[in-house]
Amino acid sequence: MTAHPLGFAGPTHQTARTRHGWSKALQLAPDLYPGVGGKRLRATLLQRAYAFAGGRLAAPALIVDAVEMLHAGSLVIDDFEDESLTRRGQPALHRLIGPARAVNAGNWMYFRALELAAAAFKDPARSTALVGRFITVARQCHEGQAIDLATRIDDVTPRQAQVTALEISRWKTGRLASLAAWCGAHAAGGDQQILQAVAAFGCRLGICLQMKNDLDELCELLDGSDRCDDLRNRRVTWPWAWAAGELSARQFAAWQRRLRQSDEQPAAFRPLAKDLLEATHRRAAAAINARLDRAIGRLAAATDGAPEVGPLAAVCDVLRIANQPTKTEALP
């Protein structure tokens, strides 16, 4: 991690008074700072891709922080757009400092990520390629978010639910994980074959991450959490996509009506969440685990089995799901 990833030690932030002013104005939550909070999956992926492409010791801290900063900024904006109450067990930033300042802080983090990326290399060509990749991925993530915000699960057909869940995951979570992997290989000086292979691997891993995140929100809701953003906002998520493959069209429509008729309180969504989990858990485990296996296989094939894919493939382990009954299946 860089000494001052937020930039408060820069030429325009030298005095204690100025540093305090910036910090107070942005009011970033402690767990949104690079290197703090969250699963750190993207940072781990970046480091493993760096080693995979021949890098020695640690990946450049500026690049790691740039990816983490871009991700953190996206969380601030997503939480505002979803009207989320919490993030990582704490009040969402817009609930603490208000929507206007939170959106400003989230956007600031995007620009700060670009600054960090631009400063990562002395070679202008490498810096240009890195910053260009950041800009492209940020744009793609916003396009995925636009699909997510514009589509309601109670307005789509079962087939549309399946296709849309994949597109949202590919353009949001997938592209950001792909960026992390590509950045690691790029920092190590990997050739085009390695860059393409790890970027594709990262995207496939990111899709599985979104699958697990969608599943985890339902599990946490049944465990007593009040976070129910996906159901409250009628989002197209993977549990609905899996249910579309398990239920008849009539049953799927009935569940859509149940969602439409629910009020906005977490307790009102728990019966539907329980049914979604019970209907789809085994399919979810099979889908996630199979996608992870295919991602590893394609990575090995794309790089002709060398270098060793094991350390990079090990990043998948945190996303695997045991194919066993959920807690809800034991409930009356």
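Just so you know, all these numbers are worked out from the coordinates, no wet-lab data involved. Only a predicted model underlies this, so the values are computations on that prediction, with no experimental measurement involved. Cβ coordinates were reconstructed from backbone atoms using ideal geometry, including for glycine residues, and neighbour counts include every protein chain displayed.
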At LEU96 and ALA286, where each label point lies 7 Å from the Cα along Cα→Cβ, what is the point-to-point distance in nanometres? 4.3
Take GLU264, project a point 7 Å from its Cα along the Cβ direction, then tell me which residues of the range 209-252 have their backbone nitrogen under 20 Å from it. 221, 225-236
Taking every pair of alpha-carbon atoms in the range 198-316, what share in percent sits in each 5 Å bin, from 0 to the bin with the longest distance? 2, 11, 20, 19, 15, 11, 9, 7, 5, 2, 1
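Give the order of CYS203, CYS219 when sorted by the count of other beta carbons within 10 angstrom, beginning with the fewest.
Fewest to most other Cβ atoms nearby, the residues stand as CYS219, CYS203.
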How many lysine pairs are close in the range 30-330, with Cα atoms under 29 Å apart and the two 8 or more places apart or on different chains? 9
Which order do the peptides 160-168, 41-49 take when ranked by the mean count of other beta-carbon atoms within 10 Å per residue, highest first? 41-49, 160-168
Spacing of the two label points (7 Å from each Cα toward its C-beta) at THR128 and VAL103, in nm: 3.5
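Subtract the Cα-Cα distance of ASP216 and LEU57 from 0.36 nm times their separation in residues, and report this length gain in nm to one decimal.
Numbers: separation 159, 0.36 × 159 = 57.24 nm, distance 3.38 nm.
So the extension gain works out to 53.9 nm.
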With the 8 Å Cα cutoff and a minimum separation of six or more residues, the range 95-187 has a relative contact order in percent of 28
Full-extension gain in nm, ARG320 to ALA302, via 0.36 nm per residue minus C-alpha separation: 4.2 nm
Can you tell me the length gained on complete extension of the stretch GLN192 to GLU83, counting 0.36 nm per residue apart and subtracting the Cα distance? 35.1 nm
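Hey, what's the per residue convex hull volume over the C-alpha atoms of the range 30-330, in cubic angstrom? Walk me through the intermediate numbers first.
On the way: hull volume 37.6 nm³, N = 301.
Spelled out: Cα convex hull of the range 30-330, divided by residues, is 125 Å³.
With only Lys, Arg, Asp and Glu charged, each at its Cβ (+1 for the first two, -1 for the last two), find how big the charge dipole of the range 232-325 is about the Cα centre; round to the nearest 20 debye. Present the calculation step by step, with values, prior to reporting the outcome.
On the way: 15 positive and 9 negative charges, 116 e Å.
So the dipole magnitude of the range 232-325 works out to roughly 560 debye.
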With 10 angstrom as the radius, rank ILE63, ILE77 by how many other C-beta atoms surround their C-beta, starting from the fewest. ILE77, ILE63
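Give me THR303, THR173, THR136 sorted ascending by neighbouring Cβ count inside 10 Å, so fewest comes first. Please report the intermediate quantities before stating the final value.
Numbers: THR303 21, THR173 26, THR136 12.
Going from sparsest to densest Cβ surroundings: THR136, THR303, THR173.
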